[in-house]
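To keep things clear, I will list the structure first and then write my remarks on it.
The values are calculated or read from the model by the stated rules, or taken from the named source; none is laboratory data. Note that the coordinates shown come from a computational prediction; the quantities given were computed from them, not determined experimentally. Glycine also receives a Cβ, built like all others from the backbone with ideal geometry; neighbour counts cover every protein chain displayed. The area values use the complete protein model at the heavy-atom level, side chains included, leaving out ligands, DNA and RNA. Shrake-Rupley method; radii C 1.70, N 1.55, O 1.52, S 1.80 Å.
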Amino acid sequence: HIGPQWAPTHPVAKAPVGTPPPTVDGFVKEFLHELNSNQGVSLSDSSVNDQYMALASTVRNYLMARWLETERGNRENPSKGVAYLSAEYLLGRQLGNNLLSSGLIDIAEEALKQCGIDFAVLRSQEVEPGLGNGGLGRLAACFIDSLATMSVPCIGYGIRYEYGIFRQTFVDGRQVEQPDSWLALGCPWEFAHPEHGVQVNFGGRTEKSTDEQGKEKTTWIPDWNVIGVPYNYMVPGYLNGRVNTLRLWSAQATKAFDLQIFNSGDYATAVRAQTFAENISKVLYPEDSTPQGKELRLQQQYFFVACSLHDYIHHVLPEGFDLHQLDERIIFQLNDTHPVIAVPELMRILVDEEGFGFEEAWEVTQRCFAYTCHTLLPEALEVWPVEMLGRLLPRHLELIYAINDHFLEQVRERYGNDEMRVRRMSIIAEHPERSVRMAYLATIAGSKVNGVAALHSQLLRDKVLPDFSEFWPEKFTNVTNGVTPRRFVRLANRSLSTLISDSIGKGWVNNLERLRELEPYAEDPDFRKAFREVKAGNKQRLSKLLADRDEIVLPEGHMLDVMVKRLHEYKRQSLKLLHLVTLYNEIIEGRLDPDTLQGRTMVFGAKAAPGYKMAKDTIHLINKVAEVVNADERVKGKLFIAFPANYNVTLAEKLIPAADLSEQISLAGMEASGTGNMKFALNGALTIGTDDGANVEIREHVGDEHFFLFGMTEPEVADLGAKGYDPGSYYESDPRLKGAIDLIASGAFSGGDRRTFEPIVSNLLTQDRFMALADYASYMDAQERVEAYYADEDAWTRSAILNVARSGYFSSDRSMKDYIREIWHTTPVL
Ligand code: GPW
């Protein structure tokens, strides 16, 4: 329960000096002023983009005094804060959120109306900053929203990619990637500070020397460098007058490159060198959960982390601050292993620049970091070849070795010369090549290590880091993920929000456990009717959007069954496809009477990493199945498949509120948490899901009767794997499954060409690493239960309402409260 200390002090903070009064007239005046003086146009000559920019500036100006005030508070009354280090922030559009946080939504809408402008059109003008891949990046965005709302001092540090996650298009059903030029029309939310550029060094060598006192000293002599330019973004709390900062770094060439031009006389080469430097923040790596070990990615990681530590120590901390006490002021939270190079960087600063002894520096460092792990997949655990790391960051490699020696010494002290254990626990892996295991470095350095759902944290201890959890049992903890109710309920589902607020008041928006008060309303027929109307309205708005955006015409009156997430084999979009193809096949073969079915529309949304062949083939197959099924008169009115391209936060905000059924069907033990699952439950969709990630806790909260559970449990998965898994046996013994797979193999979805989907078919029949075939029968069963339950409108609506009422736990405000209590030990500033 989020107690009163986390509640905002007052609904709307007193307007600090210089803030325009929040009246419609005042807003109109300010908006027109921005249009004239910032965009340089009159209202009658202004483009939609001009109007959007002016509206954004108006909101920004309103928040400005609060931002500056928050900054002043941080300096004058410093208390312990959080520096969230994340290579990804999947922010979504800013305008609506910033209006909501400032309490200006209604005023803005009315003001624009007076200017003859449609607010919705301006909102659609914003290109969302897609500076992340999926769940991990979106989680970071939810967390900084919650920290601001709970009045916890936080700086988010990350990278200002010039190109975020690619824009997905389909050509003949195949994914084609387009660059995401999100900055092309200008970004009104950022503040660049080139004058605060930070130099970041790379390459070169180290030199040992002894000073006058006979003390050993190491100097890093790098051979190239770039400048990191900070761009600040406002992170406003919800109606509490606090505005935290997100600081993203952009890489710029240093003057050294100009000098090279001058000296070499080779202009073209020198300009290429400049491009090289600026490449560092050029593009987000689009691999989700499968790092490719590319040198540029390590450069990105060190780049933003070096900028951030420098910024914190030299610009945020007061001058002369004693770094021995650093942990009293800040905790650096490592969002997965991507920023873990910050550990040797802090050691380098303390030892080489501040003159700390190694032990002394290590003590401080261990108190200043905490590490969140977001996966269990072995291929997702980052490792860097020693050769590469040493070439790019020679001093950091030395420090990693020193940390490793120091740690392995402790291991030997505890276990004697158990060399097997020492080898297992070493930060340096020897095979297949010498490399640095970043998760081990993070675990050794972190004051705490957490997983992101109860099951995941348990498996992290038992399967991924068992030696470490034996060594430091108290270091390991769980913090179950959460999502921000501001964006994903209040903004995304305005009509549900109104219905809730009309019933229980507005307090739920920053105290989500209060949704419990809705429970009795599940028994109220009028409320159920109103709830159904909300869903129907959301579906209608979605229909309109998909018609405009994708030329997809949704059938009316269908159950909306939604699976939106990155395309990955472990998430098992292919299992969903097997369900659809089975239904289709059974109908056309005459074994299933379509009249016994209710209409169901299946919506997919998924991007595949550009180099992930199986994922891209699966996208192709989904599109081809959709083409055939949607055109077949025999299933008309019963089955429809929609796969809008370019699933992103903006589309999620439209899709999730319209969904009836949420598909969370990963193989048990594979999805660390999932956060989409939470967003759906909070918006009144029922879940069909495995016993995986946060599904486990969602089911515990909403109750078994309101959740469609299927599939093997994690221990069953482990047993089956140990026994030897044979997917072919499931195919042979289940005629419906065989029928579906044979239909795909026959070329029915590829114009008769049997080769097109052969890789998918043969993978399922011979590998099926994520055991889709083993869970197929159980999944089909569960879908039949869904079908029957949906026919009972009242029962379904009751369950949907109870899903909303009982999902308050999954607010990211609660997650933050857990981090604060278990890991950070920070206090809110009220
Ligand atoms: F592999 N997650 C993600 F752990 O979105 F690094 N990208 C990633 O690269 C990784 C994890 C990584 C996701 C998890 O898959 C998801 O289960 C979880 O809910 C989310 O991170 C936030 O914790």
Report summary line: Among chymotrypsin sites (Phe, Trp or Tyr not before Pro) in region 557-634, those in a DSSP loop whose Cβ has at most 15 other Cβ atoms within 10 Å are none
Query raised in the report: Roughly what would the spin-label model give for THR269 and GLU533, points 7 Å off Cα along C-beta, in nm?
Result: 7.5
Report summary line: Here the Cα Rg-to-2.2 N^0.38 Å ratio for region 429-541 is 1.68
Report summary line: Taking a crude spin-label model, label points 7 Å out from Cα along the C-beta direction, the LEU377 to THR596 distance in nm is 3.8
**Report entry** Over region 628-757, relative contact order from alpha-carbon pairs under 8 Å, at least 6 apart, %
**Finding:** 16
Query - Two-decimal Rg/Rh across the chain, once Rg and the Kirkwood Rh are taken from alpha-carbon atoms - result: 0.97
Report task. May I ask you to derive the FRET efficiency for THR254 and GLU627 from their Cβ-Cβ distance with R0 = 56 Å, giving the value to the nearest 0.05? Result -> 0.60
Query - Sites GLU353 and ARG769 - FRET efficiency at Förster radius 41 Å, r taken between beta-carbons, to 0.05 - result: 0.30
**Report entry** Debye equation applied to the C-alpha atoms of region 668-763, log10 I(q)/I(0) at 0.11, 0.15, 0.19 Å⁻¹
**Finding:** -0.52, -0.83, -0.96
Report task. Find the percent of Cα-Cα distances in region 193-327 that exceed 25 Å, and round it to a whole number. Result -> 46
Report task. Give me the number: length gained by fully extending ARG634 to SER501, i.e. 0.36 nm times residue separation minus the C-alpha to C-alpha distance, one decimal in nm. Result -> 43.5 nm
Requested in this report: Mind checking which lysines have their Cα closer than 30 Å to the Cα of LYS113? Skip sequence neighbours fewer than 8 apart in that chain.
Outcome: LYS14, LYS29, LYS506, LYS535, LYS539, LYS544, LYS654
Query raised in the report: When all C-alpha to C-alpha distances in region 149-193 are sorted into bins of 10 Å, what percent of pairs does each bin hold, rounded to whole numbers?
Result: 19, 33, 28, 15, 5
Query - Segment ASN77-GLU433, extension gain: residue separation times 0.36 nm, minus the distance between their alpha carbons - result: 123.2 nm
Requested in this report: Give, to the nearest whole percent, the P(r) tail of region 258-321 beyond 17 angstrom, counting all Cα pairs.
Outcome: 61
Report task. For region 121-220, count all C-alpha to C-alpha pairs, find those more than 25 Å apart, and express that count as a whole percent of the total. Result -> 51
Requested in this report: Name the residues whose placed amide hydrogens come within less than 5 Å of the amide hydrogen of THR254, ignoring near sequence neighbours (fewer than 5 apart) on the same chain.
Outcome: ILE227
Report summary line: Stretched fully, the stretch from SER746 through HIS406 gains (0.36 nm per residue minus C-alpha distance, one decimal, in nm) 116.4 nm
Query raised in the report: Between ALA192 and GLU523, how many nm apart are label points set 7 Å from Cα along the C-beta direction?
Result: 6.2
Query raised in the report: How would GLU30, GLU523 line up by accessible area, probe 1.4 Å, largest first?
Result: GLU523, GLU30
**Report entry** FRET E, pair ILE588, GLU556, Förster distance 22 Å, beta-carbon r, rounded to 0.05
**Finding:** 0.40
Report summary line: Gyration tensor on Cα atoms of region 725-767, a ≥ b ≥ c root eigenvalues, a/c under 1.5 rounded, else prolate if a/b beats b/c, else oblate, says oblate
Query raised in the report: Add -39500 (n - 2.57) for each DSSP H run of 4 or more in the chain, then divide by its residues: what number comes out at 222 nm, to the nearest 500 deg cm²/dmol?
Result: -14000 deg cm²/dmol
Query raised in the report: Normalised by the residues of the chain, what does the relative contact order come to in percent, with Cα pairs under 8 Å and at least six apart?
Result: 14
